[in-house]
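*Asks:* This structure is in structure tokens; I'll ask about it shortly.
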Amino acid sequence: MAISMMRIGLLVALIAVLAWQTIASPIQARAPGVRYDNQVLARVTIPSTVGNPDGVRSSLVVEFRHTYGLDVWGVVDLADETRAIDVRLPTPDDLEAVKEAVAAVAPGGTVTIVNSNIQSDIDTEAQENEQALQIAGLVKRQTGVYDPATWFTAYHRFTDILGFFNSLASSYPSLVSVNASIGKSFQGRDLFQVRIGTRTNPSVKQVYIQGLIHAREWVAGSTVQYIAYKLASAYSNPADPDNAWAVRTLNATEFYIVPVVNPDGYEYSWTTDRLWRKNRRRAVTTSSAVGVDLNRNYPKGWGADPNGASTTPSAQDYKGPSPLSEPESRVITSNFVNTLRSAILSIDYHSYSQLILRPPGYNYAIPAAQVTKLKAAGDAGAAAIAARSGRTYTSQTALQLYPATGTAVDYAWDESVNAQVTKDRTNGRVYSYTIELRPSSSDTATGFVLPPSQIVATGEENWAGFKAILDYVRSNII
């Protein structure tokens, strides 16, 4: 039964209680120290009539980020195959600079304001989320457990996410376990890992999932939580429509999940800056800028393409002073090679733009037979999502968007890494994907600030996509 249909009577009663409480004590929206009042989200379009529109878009992304220091939010394809870029513009001068850049390389291109006040969406999300959190908190106090019927109506802080997974392990003790610390973040928070498996088959294949490497992409964390919950609950409930799939899959597969790769940045996105992306370490003493983009700090391809990441510490995609310079990326990569022995699939969840991205993320060769299989698995996931919700997720290589180096998707595909995590077979490879979640190209005005009311729908469609990808991978192991 879908989460949205569970315990309706309880929810109605709780909403009534919350409404009464709200009258007596009005909810105050979270007010981070960093605000985005009157900053706009602009959409740049590159018409298909422009020669090599993908190349033009890629070059504009690099120019916006590395020349103008702008925050590129999304890279999308519109329904008419027009290429587009969503970029946050703090000032009118930034808007004029973007218009000039577009006019120079994309005749007929446009720059349109799709959100005239980003802060308004942040404030609305905060209030909606706070209302949902009050309901979820009331359920937790009354029942002593994290109830999925209310949990997935809101985004949650780091310690509560850990609590949710500990509760999941308590509910399904023979299936779910939590390693409370696989290592520490820069600020001393424990990165934790969840294992879901039956422990009845020593020759199981392994799947790795992670989320929230970019702090502001809250729905990525919720989707990882949702998939973990579905794996455990579907396996354990014979009445669940996915029970047969879950039993068959979990009897032959175990899952390792790192729900929050970047806990310091994630907490900072709650307390101070909703749109914070990076970790919280000041990486070089010659700059006052804080933070490294952990998804540019992996060793695979680090520095291989000057356009693949920034060398400027204040940039959103700053790659760090060296590969694995950050404690979080060292923890994640060490855990990957030391935990996995029969890996077949790795997924790194992000938002946004509704994309299923596969290697390569920068220019390197992949054998044709492997290209075919990587594409087929991604295509299967996109088709399953479309069948489930009608949403279009585009399956393509990461490089088709723009070059990106030092990323998780290329690291998990790296041949030398794969040799360490596929010890059950010779020359084994790990299917690797970055999945970009909602919103889509048609409703990106909210960007990273996706309303919590869309958490369940995003989780449901990606549960369908995840199952389809895994089914293909299990039938076509490399």
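The values are calculated or read from the model by the stated rules, or taken from the named source; none is laboratory data. Treat the numbers as computed from the prediction; the structure is a model and nothing was measured. Don't worry about glycine lacking a Cβ; one is built from the backbone with ideal geometry, like all the others, and counts go over all protein chains shown. Protein only, heavy atoms only, side chains kept; ligands, DNA and RNA dropped before computing areas. Shrake-Rupley method; radii C 1.70, N 1.55, O 1.52, S 1.80 Å.
*Asks:* Can you pull out every residue in the stretch 54-81 that is open to solvent by 20 Å² or more (accessible area, probe 1.4 Å) and touching a Ser or Thr at 6+ places or on another chain (Cβ under 8 Å)?
*Replies:* ARG65, HIS66, GLY69, ASP77, LEU78, ALA79, ASP80, GLU81
*Asks:* Right, next: Name the residue, out of THR311, THR333, that is in the same structural domain as ARG195 (by the TED database) and without any contact (Cβ under 8 Å) to a residue 12 or more places away in the chain.
*Replies:* THR311
*Asks:* Can you name the helices (runs of 4 or more DSSP H) wholly within the stretch 89-183 that have at least 2 residues being touching a strand residue (DSSP E or B) at 6+ places or on another chain (Cβ under 7 Å) and open to solvent by less than 30 Å² (accessible area, probe 1.4 Å)? Full working, then the answer.
*Replies:* Values: elements: 92-105, 118-143, 148-151, 158-171.
The qualifying helices (runs of 4 or more DSSP H) are 92-105, 158-171.
*Asks:* Tell me the residue from ALA377, ALA408, ALA382 that is closer than 14 Å to ILE478 by Cα, assigned by the TED database to the domain that holds THR223 and either under 19 Å from the mean Cα position of the chain (by Cα) or surrounded by 23 or more Cβ atoms within 10 Å (Cβ to Cβ) (or both), please.
*Replies:* Numbers: ALA408 fails: closer than 14 Å to ILE478 by Cα; ALA382 fails: closer than 14 Å to ILE478 by Cα.
After applying the criteria, what remains is ALA377.
*Asks:* Tally the residues that are in contact with a Gly (Cβ under 8 Å, 6 or more places away or on another chain), in a helix (DSSP H, G or I) and of a type in the set (S, T, N, Q), restricting the search to the stretch 226-270.
*Replies:* Residues flagged as in contact with a Gly (Cβ under 8 Å, 6 or more places away or on another chain), in a helix (DSSP H, G or I) and of a type in the set (S, T, N, Q) within the stretch 226-270 amount to 0.
*Asks:* Which number in (1) of a type in the set (A, V, I, L, M); (2) under 22 Å from the mean Cα position of the chain (by Cα); (3) closer than 22 Å to ASP273 by Cα marks the one condition that VAL114 misses?
*Replies:* Of (1) of a type in the set (A, V, I, L, M); (2) under 22 Å from the mean Cα position of the chain (by Cα); (3) closer than 22 Å to ASP273 by Cα, only one is false for VAL114: (2).
*Asks:* Within the stretch 199-224, count every residue that is part of a strand (DSSP E or B), among the β-branched types (Val, Ile, Thr) and open to solvent by 10 Å² or more (accessible area, probe 1.4 Å).
*Replies:* Just the residues of the stretch 199-224 that are part of a strand (DSSP E or B), to begin with: 205-211.
Then keep just the ones that are among the β-branched types (Val, Ile, Thr); that gives 207, 209.
If we keep only those that are open to solvent by 10 Å² or more (accessible area, probe 1.4 Å) as well, we get none.
Here the count works out to 0.
To keep it simple, each residue is scored yes or no on (1) among the charged types (D, E, K, R); (2) outside the structural domain of ASN262 (by the TED database); (3) open to solvent by 50 Å² or more (accessible area, probe 1.4 Å); (4) touching a residue at least 12 places away in the same chain (Cβ under 8 Å).
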{"residue": "SER325", "(1), (2), (3), (4)": "no, no, no, yes"}
{"residue": "LEU345", "(1), (2), (3), (4)": "no, no, no, yes"}
{"residue": "GLY390", "(1), (2), (3), (4)": "no, no, yes, no"}
{"residue": "ALA398", "(1), (2), (3), (4)": "no, no, no, yes"}
{"residue": "ALA404", "(1), (2), (3), (4)": "no, no, no, yes"}
{"residue": "GLU415", "(1), (2), (3), (4)": "yes, no, yes, yes"}
{"residue": "LYS423", "(1), (2), (3), (4)": "yes, no, yes, yes"}
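*Asks:* Related question: With the condition kept exactly as written, say whether any residue in the stretch 294-302 is hydrophobic (A, V, I, L, M, F, W, C), within 19 Å of VAL409 (Cβ to Cβ) and free of Cβ contacts under 8 Å to residues at least 60 places away in the same chain. Break it down stepwise before answering.
*Replies:* So the first thing to find is which residues in the stretch 294-302 are hydrophobic (A, V, I, L, M, F, W, C), and the list is 294, 302.
Okay, now just the ones that are also within 19 Å of VAL409 (Cβ to Cβ), so 294, 302.
Filter again for free of Cβ contacts under 8 Å to residues at least 60 places away in the same chain, leaving none.
Checked the stretch 294-302: no residue is hydrophobic (A, V, I, L, M, F, W, C), within 19 Å of VAL409 (Cβ to Cβ) and free of Cβ contacts under 8 Å to residues at least 60 places away in the same chain.
*Asks:* Using beta carbons and a limit of 8 Å, which pairs, at least six apart or on different chains, have the first residue in the stretch 446-460 and on the phi > 0 side of the Ramachandran plot and the second one among the aliphatic types (A, V, I, L, M) and open to solvent by less than 10 Å² (accessible area, probe 1.4 Å)?
*Replies:* Short answer, once both residue conditions are applied: GLY447/LEU41; GLY447/ILE118.
*Asks:* Residues that are of a type outside the set (Ser, Thr, Tyr) and more than 22 Å from PRO299 (Cα to Cα): find the helices (runs of 4 or more DSSP H) completely inside the stretch 380-478 holding 3 or more of those.
*Replies:* Details: elements: 408-411, 415-421, 455-475.
Those helices (runs of 4 or more DSSP H) span 455-475.
*Asks:* Which ones in the stretch 220-263 are β-branched (Val, Ile, Thr) and more than 28 Å from PRO452 (Cα to Cα)?
*Replies:* First, pick out the residues of the stretch 220-263 that are β-branched (Val, Ile, Thr): 223-224, 227, 247, 249, 253, 257-258, 260-261.
VAL247, THR249, THR253, listed by residue number.
*Asks:* If we scan the stretch 390-405, do we find a residue that is more than 22 Å from THR253 (Cα to Cα) and over 19 Å from the mean Cα position of the chain (by Cα)? Working first, answer last.
*Replies:* In the first step, residues of the stretch 390-405 are kept if they are more than 22 Å from THR253 (Cα to Cα); the result is 390-405.
Checking the rest, the ones that are also over 19 Å from the mean Cα position of the chain (by Cα) come to 390.
There is at least one residue in the stretch 390-405 that is more than 22 Å from THR253 (Cα to Cα) and over 19 Å from the mean Cα position of the chain (by Cα).
*Asks:* Still on this structure, please answer the following. How many residues, within the stretch 287-336, are among the β-branched types (Val, Ile, Thr) and closer than 25 Å to GLU63 by Cβ?
*Replies:* Pass one, the stretch 287-336, residues among the β-branched types (Val, Ile, Thr): 290, 292, 311-312, 331-333.
Within this subset, residues satisfying the condition of being closer than 25 Å to GLU63 by Cβ are 290, 292, 311-312.
So the count comes out to 4.
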